[in-house]
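Student: Sending over a structure as structure tokens; questions will come in a sec.
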Amino acid sequence: MEQTSSSVNSKQFLLEIVTPEKLLFSQGVDFVVVPGSEGDFGVLPGHCLLLSGLRIGELQYTTGETTESVSILSGLAEVTPTRVTILADIAEKAEEIDIERAQAALQRAEEHLERGGIPSEVEEAKVSLEKARLRQKIAERFQKRRSRA
């Protein structure tokens, strides 16, 4: 269910996650933890203005008693007192991550890293490995939570 800023209550703020392909998420939330380029940072309603780069990491948002995760693979975050806008190069909700695909990507990245190569290839393999581990972690946690429900 999509919420607009007019349906966000006074104890929430609007979180929007946008990729080049689509608006992934737009809803009122109570709290968000963002993988900033200088480290994770938390946002509550009324936060000061902030602009931050994003690194590969897990964005978590809380609404009521529920916390959800999104994998972020770089981008920008804009924070205002009433809104957080995430402009992500790539973002995936936990429920959209195919765990088998994530595991296969992890295996490929590990093999690529083991083969070595020129420094730029090794660095690319390290980034691929980091992305694959993040996606797998988020997908497995979601699957466990879903199986308990």
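Student: Inside region 49-71, can you point out the residues that are among the aliphatic types (A, V, I, L, M), free of Cβ contacts under 8 Å to residues at least 40 places away in the same chain and within 18 Å of residue 138 (Cα to Cα)? Walk me through it before giving the result.
Tutor: Taking region 49-71 first, the residues among the aliphatic types (A, V, I, L, M) are 49-51, 54, 56, 59, 70.
With the extra rule that they be free of Cβ contacts under 8 Å to residues at least 40 places away in the same chain, the set shrinks to 49-51, 54.
54, the sole residue that qualifies.
Student: While we're on this one: Which residues, counting only those in region 47-68, are under 12 Å from residue 31 (Cα atoms) and not charged (D, E, K, R)? Please lay out each step first, then the result.
Tutor: Keep residues of region 47-68 that are under 12 Å from residue 31 (Cα atoms), which gives 47, 59-68.
Correct list: 47, 59, 60, 61, 62, 63, 64, 66, 67.
Student: Kindly provide the set of residues from region 124-144 that are free of Cβ contacts under 8 Å to residues at least 24 places away in the same chain and either surrounded by 14 or more Cβ atoms within 10 Å (Cβ to Cβ) or on the phi > 0 side of the Ramachandran plot (or both), ordered by number.
Tutor: Answer for region 124-144, where residues must be free of Cβ contacts under 8 Å to residues at least 24 places away in the same chain and either surrounded by 14 or more Cβ atoms within 10 Å (Cβ to Cβ) or on the phi > 0 side of the Ramachandran plot (or both): 124, 125, 128, 129.
Student: Further question on the same structure: Looking only at residues that are under 17 Å from residue 127 (Cα atoms) and not small (Gly, Ala, Ser) in region 49-58, which one is surrounded by the most Cβ atoms within 10 Å (Cβ to Cβ)?
Tutor: Step one: filter region 49-58 for residues under 17 Å from residue 127 (Cα atoms), giving 53-58.
Cutting the leftovers down to not small (Gly, Ala, Ser) gives us 54-56, 58.
Numbers: 54: 21, 55: 17, 56: 17, 58: 18.
Applying the filter and picking the extreme gives 54.
Student: Find the residue count for region 65-74, including only residues that are in a strand (DSSP E or B) and either among the charged types (D, E, K, R) or farther than 15 Å from residue 127 by Cα (or both).
Tutor: As a first pass, look at region 65-74 and keep what is in a strand (DSSP E or B): 66-74.
So of that shortlist, the ones also either among the charged types (D, E, K, R) or farther than 15 Å from residue 127 by Cα (or both) come out as 66-70.
The total comes to 5.
Student: Tell me which residues, restricted to region 63-78, are closer than 13 Å to residue 35 by Cα and β-branched (Val, Ile, Thr). Outline the logic, then answer.
Tutor: Taking region 63-78 and keeping what is closer than 13 Å to residue 35 by Cα, we get 69-78.
Result: 70, 72.
Student: How about region 67-94: which of its residues are of a type in the set (Asp, Glu) and surrounded by fewer than 14 Cβ atoms within 10 Å (Cβ to Cβ)?
Tutor: Residues of region 67-94 that are of a type in the set (Asp, Glu), as a first pass: 68, 78, 89, 92.
Scanning region 67-94 gives a single hit, 89.
Student: Here are the criteria: (1) at pLDDT below 90; (2) under 29 Å from residue 13 (Cα atoms); (3) of a type in the set (Lys, Arg). Tell me which single one residue 108 does not satisfy.
Tutor: (2)
Student: If I filter region 26-48 for residues that are at pLDDT 95 or above, closer than 23 Å to residue 140 by Cα, charged (D, E, K, R) and surrounded by 12 or more Cβ atoms within 10 Å (Cβ to Cβ), do I get at least one hit?
Tutor: Checked against the condition, which is being at pLDDT 95 or above, closer than 23 Å to residue 140 by Cα, charged (D, E, K, R) and surrounded by 12 or more Cβ atoms within 10 Å (Cβ to Cβ), region 26-48 yields at least one hit.
Student: Still on this structure, please answer the following. Given the criterion in a strand (DSSP E or B), among the acidic types (Asp, Glu) and over 26 Å from residue 141 (Cα atoms), identify the matching residue among 92, 78. Walk me through how you get there before you give the answer.
Tutor: On the way: 92 fails: over 26 Å from residue 141 (Cα atoms).
Testing whether each residue is in a strand (DSSP E or B), among the acidic types (Asp, Glu) and over 26 Å from residue 141 (Cα atoms) leaves just 78.
Student: With respect to residue 128, determine if the residue is among the hydroxyl-bearing types (Ser, Thr, Tyr), within 17 Å of the chain's Cα centre (by Cα) and assigned to a strand (DSSP E or B).
Tutor: Values: among the hydroxyl-bearing types (Ser, Thr, Tyr): yes; within 17 Å of the chain's Cα centre (by Cα): yes; assigned to a strand (DSSP E or B): no.
Criteria not met by residue 128.
Student: Take the residues of region 9-25 that are in a loop (DSSP other than H, G, I, E, B) and crowded, with 16+ Cβ neighbours inside 10 Å: which is nearest to the chain's Cα centre (by Cα)?
Tutor: Here is the first cut: in region 9-25, the residues in a loop (DSSP other than H, G, I, E, B) are 9-12, 19-22.
The next check asks that each one be crowded, with 16+ Cβ neighbours inside 10 Å; those that pass are 12, 19.
Numbers: 12: 19, 19: 11 Å.
The selected residue is 19.
The values are calculated or read from the model by the stated rules, or taken from the named source; none is laboratory data. Just so we're clear, the structure is a prediction, and the values are computed from it rather than from any experiment. Every residue, glycine as well, gets a Cβ built from its backbone with ideal geometry; the counts of neighbours run over all protein chains shown.
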